[in-house]
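Colleague: This is the structure I want to talk about, given as structure tokens.
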Amino acid sequence: MANAPKFADVKVGDELPALKLAPISRHQLALYCGGSGDHNPIHVDIDFAKKFGFKDVFAHGMLSMA
């Protein structure tokens, strides 16, 4: 983090650079199910998700926010 700003250099109104992350993988979804205790199949089972009108599985809300 050689280019990280020092506290004294940060001013009110300064903007942070956009955070760019890779898309959430199915592996991450499965790990999050185990870690969170939320084993809703809509997050890992594509057939289950499609049965309820979704095109694919989707991430847990709290995983997306993290």
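Colleague: When residues of segment 38-66 are filtered for being of a type in the set (A, V, I, L, M), surrounded by 13 or more Cβ atoms within 10 Å (Cβ to Cβ) and assigned to a loop (DSSP other than H, G, I, E, B), how many remain? It would help to see each step written out before you state the result.
Modeller: In the first step, residues of segment 38-66 are kept if they are of a type in the set (A, V, I, L, M); the result is 42, 44, 46, 49, 57, 59, 62-63, 65-66.
Cutting the leftovers down to surrounded by 13 or more Cβ atoms within 10 Å (Cβ to Cβ) gives us 42, 44, 46, 49, 57, 59, 63.
After this cut, where a residue has to be assigned to a loop (DSSP other than H, G, I, E, B) as well, the list is 44, 57, 59.
Residues flagged as of a type in the set (A, V, I, L, M), surrounded by 13 or more Cβ atoms within 10 Å (Cβ to Cβ) and assigned to a loop (DSSP other than H, G, I, E, B) within segment 38-66 amount to 3.
Colleague: Next question, about the same structure. Note down all Cβ pairs under 7 Å where the first residue falls in segment 29-46 and is on the phi > 0 side of the Ramachandran plot, the second is open to solvent by 60 Å² or more (accessible area, probe 1.4 Å), and they're at least six residues apart or on different chains.
Modeller: none
Colleague: Using the structure shown, decide if Asp9 is of a type in the set (D, E, K, R) and surrounded by 10 or more Cβ atoms within 10 Å (Cβ to Cβ).
Modeller: Working: of a type in the set (D, E, K, R): yes; surrounded by 10 or more Cβ atoms within 10 Å (Cβ to Cβ): no.
So Asp9 fails the test.
Colleague: Something else about it: Suppose we filter segment 13-37 for residues that are open to solvent by less than 60 Å² (accessible area, probe 1.4 Å) and either over 12 Å from the mean Cα position of the chain (by Cα) or not hydrophobic (A, V, I, L, M, F, W, C) (or both); how many remain? Explain how you work it out, then say what you get.
Modeller: Filtering segment 13-37 for residues open to solvent by less than 60 Å² (accessible area, probe 1.4 Å) gives 25, 29-30, 33-34, 36-37.
When the remaining residues are screened for being either over 12 Å from the mean Cα position of the chain (by Cα) or not hydrophobic (A, V, I, L, M, F, W, C) (or both), the result is 25, 30, 33-34, 36-37.
Residues in segment 13-37 being open to solvent by less than 60 Å² (accessible area, probe 1.4 Å) and either over 12 Å from the mean Cα position of the chain (by Cα) or not hydrophobic (A, V, I, L, M, F, W, C) (or both): 6 in total.
The values are calculated or read from the model by the stated rules, or taken from the named source; none is laboratory data. Quantities reported herein were computed from a predicted structural model and do not represent experimental measurements. Virtual Cβ from ideal backbone geometry, glycine too; neighbours counted across all protein chains shown. Only protein heavy atoms, including side chains, enter the accessible area calculation; ligands, DNA and RNA are left aside. Shrake-Rupley method; radii C 1.70, N 1.55, O 1.52, S 1.80 Å.
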